[in-house]
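Every read-out reported here was derived from the displayed coordinates using simple, explicitly stated rules and does not represent laboratory data. Quick caveat: nothing in here was measured; it's all calculated off a predicted structure. Here Cβ is always computed from backbone atoms with ideal geometry, including for glycine, and neighbour counts include all displayed protein chains.
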Amino acid sequence: MNITNPNSQHTHHDDHHHEEDKKNLFGFWLYIMTDCILFAMIFAAYIVLHKNTFGGASAHELFSMPFVLTETMILLTSSFTYGLVMLSAHKNQTKMVLLWLFITFILGVVFIGMEIHEFTNLYNEGHGWDKSAFLSSFFTLVGTHGLHVTSGLIWMCALMGQVMVHGITKKTINKLACLSLFWHFLDIVWIFVFTIVYLMGAI
Amino acid sequence: MNINTTNHGAHFESHGSLKSYIIGFILSITLTLIPYYIVTTHAMSIPTTYALILLFAVLQFIIQVVFFLHVTEGQDSKWNIMALVFTIVVLLILVFGSMWIMYNLDYNMMH
């Protein structure tokens, strides 16, 4: 991979489209900021309610730490591989973009698979969302993050199709950049889920 | 708010280099493993552990914003940063405000 000059293939369009792309990304950034507020509210609800276990199991007894660490590592790695998607896109390497997108997608699917596994295990062992305020807020918080990741995966599929059909153009790069913001944002949210739900639960 | 700026700065266009992504990746893995180790080995007292893992989460957040999101680079980045800072202020008020109010409510009902 040529890393000497990532901007070498970066052809500048006319200013009008350029400005529009910038506005698109800024608008998407603002959407992500409002999504932060959504997560802040769910985090606040979890922090307030997490001790109300209604006689049931607490965070300390429920979660398997090595399992959660694996999930975290997978999501961190997928964030890194998405970075490689953007680097390849700016170098006009369509095949590398598709390859890294695919690897990111697989890592995302494994993450969601592990989360579904954790949720079904908890439910089957009698720790469903209807058992206590703690479990309701836990499923809401982790589930909302999982739904975001799932929609990110659907979006990723759509973008793989677009890159296959149209190749790397200004438009597809702009769309890839939006998803990159979304994907890194989900990674950051997960860091706080990992810290506040799992690590603090295990203390 | 005027976002029709005429300068053609690298607004989001600074997409980093391979080196910056690798540094970010290694740092974020390290910043995940250290708090995990502290918590699972019960190496420190409980208040210290809480303080440390929160500190590591905040550091991790900064690392990811700088090395992965690249929103703080380029000439037009001030709007991104302004939106981010405003969001963080609202977020902290929401979370710590809720904790404060609910703790007091709980205390007053129980005593």
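So how tilted is helix A:170-193 from the main axis of chain A? Cα-based, degrees 0 to 90, rounded to 10. Orientation of helix A:170-193: about 20 degrees from the principal axis. Take each residue in A:187-196, count the other chain C-beta atoms within 10 Å of its C-beta, and the mean is 5. Working note: Karplus 6.51/-1.76/1.60 with θ = phi - 60° gives segment B:75-88 the couplings 6, 8, 6, 4, 5, 4, 5, 4, 4, 5, 5, 4, 4, 5 Hz, where Gly and Pro are set to x. Per residue, the Cα convex hull of segment A:1-156 amounts to 132 Å³. Once the gyration tensor of the Cα atoms in segment A:79-203 is diagonalised, the equivalent ellipsoid follows with semi-axes of 34, 14, 11 Å, ordered largest first. What's log10 of I(q)/I(0) for chain B at q = 0.10, 0.12, 0.19, 0.23 Å⁻¹, Debye sum over Cα points only, no solvent? For the requested q values the scattering log ratios are -0.49, -0.66, -1.07, -1.19. So what's the angle, to the nearest 10 degrees on a 0 to 90 scale, between helix A:65-90 and the longest Cα principal axis of chain A? Helix A:65-90 sits roughly 10 degrees off the main axis of chain A. Can you give the angle from 0 to 90° between the axis of helix B:18-41 and the longest principal axis of chain B, with both taken from C-alpha atoms, to the nearest 10? The two axes meet at around 0 degrees.
Modelled spin labels at B:Ile62 and A:Lys95, positioned 7 Å past Cα toward Cβ, are 4.2 nm from each other.
When the Debye formula is applied to the Cα atoms of segment B:13-73, each taken as the same point scatterer, what base-10 log of I(q)/I(0) results at q = 0.15, 0.16, 0.20 Å⁻¹? Log10 of I(q)/I(0), two decimals: -0.50, -0.55, -0.73. Straight-line reach from A:Lys171: taking Cα to Cα under 16 Å and skipping same-chain neighbours fewer than 8 places apart, the aspartates and glutamates in range are A:Asp14, A:Asp15, A:Glu19, A:Glu20, A:Asp21, B:Glu13. Protection proxy ranking for A:184-196, A:163-175, A:43-55, B:58-70, using the average of other Cβ atoms within 10 Å per residue and placing the highest first: A:184-196, B:58-70, A:43-55, A:163-175.
Please pull out the direction-averaged projected area of the protein assembly as shown, using the convex hull of its alpha-carbon atoms, in nm² to one decimal place.
In nm², the orientation-averaged hull projection of the protein assembly as shown is 17.7.
In terms of Cα to Cα distance under 25 Å, which lysines are near enough to A:Lys131, apart from those fewer than 8 places away along the same chain? Straight-line reach from A:Lys131, under 25 Å: A:Lys51.
If you take the Cα centroid of segment B:56-111 and the Cα centroid of segment A:131-186, the two points sit 21 Å apart.
Helical runs assigned H by DSSP (4 residues or longer) give the protein assembly as shown a calculated mean residue ellipticity at 222 nm of -26000 deg cm²/dmol, each run adding -39500 (n - 2.57) before division by the residue total.
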